[in-house]
Every structure is written in structure tokens, then in C-alpha cells.
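The values are calculated or read from the model by the stated rules, or taken from the named source; none is laboratory data. These numbers come from a predicted model, not from an experiment. For neighbour counting, all protein chains shown are included, and Cβ atoms are generated from backbone atoms with ideal geometry for every residue, glycine included. Remember, those area values only see protein heavy atoms, side chains included, never the ligands or the DNA or RNA. Shrake-Rupley method; radii C 1.70, N 1.55, O 1.52, S 1.80 Å.
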Amino acid sequence: QVQLVESGGGLVQVGGSLTLSCAASGRTFRSYVAAWFRQAPGKEREFVAAIYWSDSIYADSVKGRFTISRDNAKNTVYLHMNSLKPEDTAVYYCATTPLRSIRTNPNEYNYWGQGTQVTVSS
């Protein structure tokens, strides 16, 4: 199995920046799709970004502001968030799947982290 541990959440002002990290176990993680989702109170889980080798995709709501990356030597995936808005406030989850193409449906992800809270104050 794969274990994922998120970190880096916190409180940030509107327009600020924050970087989330997701550390994974297992050497096969480098060949897995990795993604970030988020969920605000009273709302459904929302796709944010995903990465698979040289390919990456983003939700329209974060495109141009967020960047997903990974460091295979550290088995870690990152989400770099810039120009943060109040609507970015949510619990952010990292997830991974062994499927060999990027997926945006959370039901297609096998492994999940515990989540980390991001709060953007206005």
C-alpha cells in the first residue's frame, strides 16, 4: 500500500502564497499519477491539480495561480499556491492512483492523505 502525509497548510492573507507538501511511501510512487483535491465546508470535493511525468492539468479556478510539481528523489509532491483568494479556503488532500493517465474523478484515486487546512483571510 501507499501512505501519503500532507503538510504545509496554515493561515495566509489574500494575495499571499503557500506551498503544500505530500510525502509518499514506496519507490513505485514515481510512476503513479498524483493529484490535489480540496473540500470546503458544505461543498463537494473538488479537483485542483494532477501530475503524471511531464503532464499536468489544473482546474480552471486555479490555473495560472497554482503549480504542481514533484521531487522523485524525495518521493514528495508539492502544490505551490500564489495569489490566494478567500475561495481557496478548504481542506486540501493529496491522492495517488496507479492508473497511467491523469484522472480528475476522486473515485479513481486509491490512496489519500489525511488533509491539511488552508485558510485565506480577507
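The condition (being more than 17 Å from Tyr111 (Cβ to Cβ), out of contact with any helix residue (DSSP H, G or I) (no Cβ under 7 Å at 6 or more places or on another chain) and of a type in the set (Val, Ile, Thr)) is satisfied by just one residue among Ile68, Ile57, Ile51: Ile57. One residue stands out in the range 84-101 among those that are in contact with a Ser or Thr (Cβ under 8 Å, 6 or more places away or on another chain) and over 16 Å from Ile51 (Cβ atoms): the one that is most open to solvent (accessible area, probe 1.4 Å), namely Glu87.
Whenever a residue of the range 72-91 is closer than 14 Å to Phe37 by Cα and hydrophobic (A, V, I, L, M, F, W, C), its partners that are modelled with pLDDT of 95 or more and in a helix (DSSP H, G or I), lying with C-beta atoms within less than 8 angstrom and at least six residues away or across chains, give the pairs Met81/Asp88.
Here the strands (runs of 3 or more DSSP E) wholly within the range 40-101 that include at least 3 residues being within 10 Å of the chain's Cα centre (by Cα) are 46-52, 66-71, 76-81, 90-97. Can we say Tyr92 is touching a Lys or Arg at 6+ places or on another chain (Cβ under 7 Å) and either among the aromatic types (Phe, Trp, Tyr) or modelled with pLDDT of 95 or more (or both)? Yes; evaluated as a whole, the condition is true for this residue. Given the criteria in contact with a Phe, Trp or Tyr (Cβ under 8 Å, 6 or more places away or on another chain), at pLDDT 95 or above, part of a strand (DSSP E or B) and farther than 18 Å from Thr119 by Cα, does Ala23 qualify? No: the conditions fail for Ala23. Lys43 meets each of the listed conditions (1) more than 15 Å from Tyr93 (Cα to Cα); (2) basic (Lys, Arg); (3) out of contact with any helix residue (DSSP H, G or I) (no Cβ under 9 Å at 6 or more places or on another chain) apart from (1). Suppose the filter is more than 16 Å from Gly115 (Cβ to Cβ) and in contact with a Pro (Cβ under 7 Å, 6 or more places away or on another chain); does Tyr32 pass it? Against the criterion (more than 16 Å from Gly115 (Cβ to Cβ) and in contact with a Pro (Cβ under 7 Å, 6 or more places away or on another chain)), Tyr32 qualifies.
Residues that are touching a Ser or Thr at 6+ places or on another chain (Cβ under 9 Å) and farther than 20 Å from Glu108 by Cβ were ranked within the range 17-40; the one that is least open to solvent (accessible area, probe 1.4 Å) is Leu20. Just so you know, in the range 102-122 the residues that are outside any strand (DSSP E or B) and either of a type in the set (Asp, Glu) or under 11 Å from the mean Cα position of the chain (by Cα) (or both) include one that is surrounded by the most Cβ atoms within 10 Å (Cβ to Cβ), and it is Gly113. The residue of the range 57-66 that is nearest to Val91 (Cα to Cα), among those that are touching a residue at least 24 places away in the same chain (Cβ under 8 Å) and open to solvent by 30 Å² or more (accessible area, probe 1.4 Å), is Ser61.
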